[in-house]
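*Asks:* My structure is below; once you've seen it, I'll send some questions.
Read-outs: derived from the displayed coordinates by stated rules, not from any lab. In this text the structure is predicted, and so the values were computed from the model without any measurement. Cβ atoms come from the backbone with ideal geometry, glycine included; neighbour counts cover every protein chain shown.
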Amino acid sequence: MNGNADNEEKGSEMPPATRVSTSQTPPLPRTYAVRKTVSEGLLDFALLMANASQLKALLDVKPESRDNLFIPMLTMIGLSVVMQVTVGVLLLILGSREAKTEDGANRKNAINNAVTGLILFITVVNVFVAAFGIKFSDDGAHGIP
């Protein structure tokens, strides 16, 4: 037998833990976290549409029907929309960059953490928007409860 055949036989006798696999390796944890964050962020599009609808309904309120919650609601909805656009931009940056170095991986991790924090803050703001809500009366007029 030649040397190559001996190496092949020995390679097949090695325990599975020491063999090099030719199949695709599972994604790295950071890659998984980045992809998960990107997919979660894309789901926020529906929330952005809901905020746009709430903003339209709020701005349709007649000036004489506005009460003391008009400005806080307008501020919270506007803040939510701005933060959602910021998250979208960060997700585009996060999804388009490849972390080739440790420094690049650290930057992507920092952006990932910032996106997660912003999404949490967006959720809290929208809970308050939903709690104070926009009241629709039977005659079609809008008002703040």
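*Asks:* Enumerate by residue number the GluC sites (Glu not before Pro) in segment 58-111 meeting two conditions: DSSP loop (anything except H, G, I, E, B), and at most 12 other Cβ atoms within 10 Å of the site's Cβ.
*Replies:* Filter output for segment 58-111: 98.
*Asks:* Continuing with this model, one more query. Just grab the label-to-label distance for residue 67 and residue 53, each label 7 Å out from Cα along the Cβ direction, in nm (one decimal).
*Replies:* 2.3
*Asks:* Further question on the same structure: Given 0.36 nm per residue, what is the gain on full extension from residue 33 to residue 127 after removing their alpha carbon distance, in nm?
*Replies:* Working: separation 94, 0.36 × 94 = 33.84 nm, distance 2.55 nm.
Stretched fully, the residue 33-residue 127 segment lengthens by 31.3 nm.
*Asks:* Hey, rough spin-label estimate for residue 86 and residue 116, points 7 angstrom out along Cα→Cβ, what's it come to in nanometres?
*Replies:* The answer from the label model is 1.8 nm.
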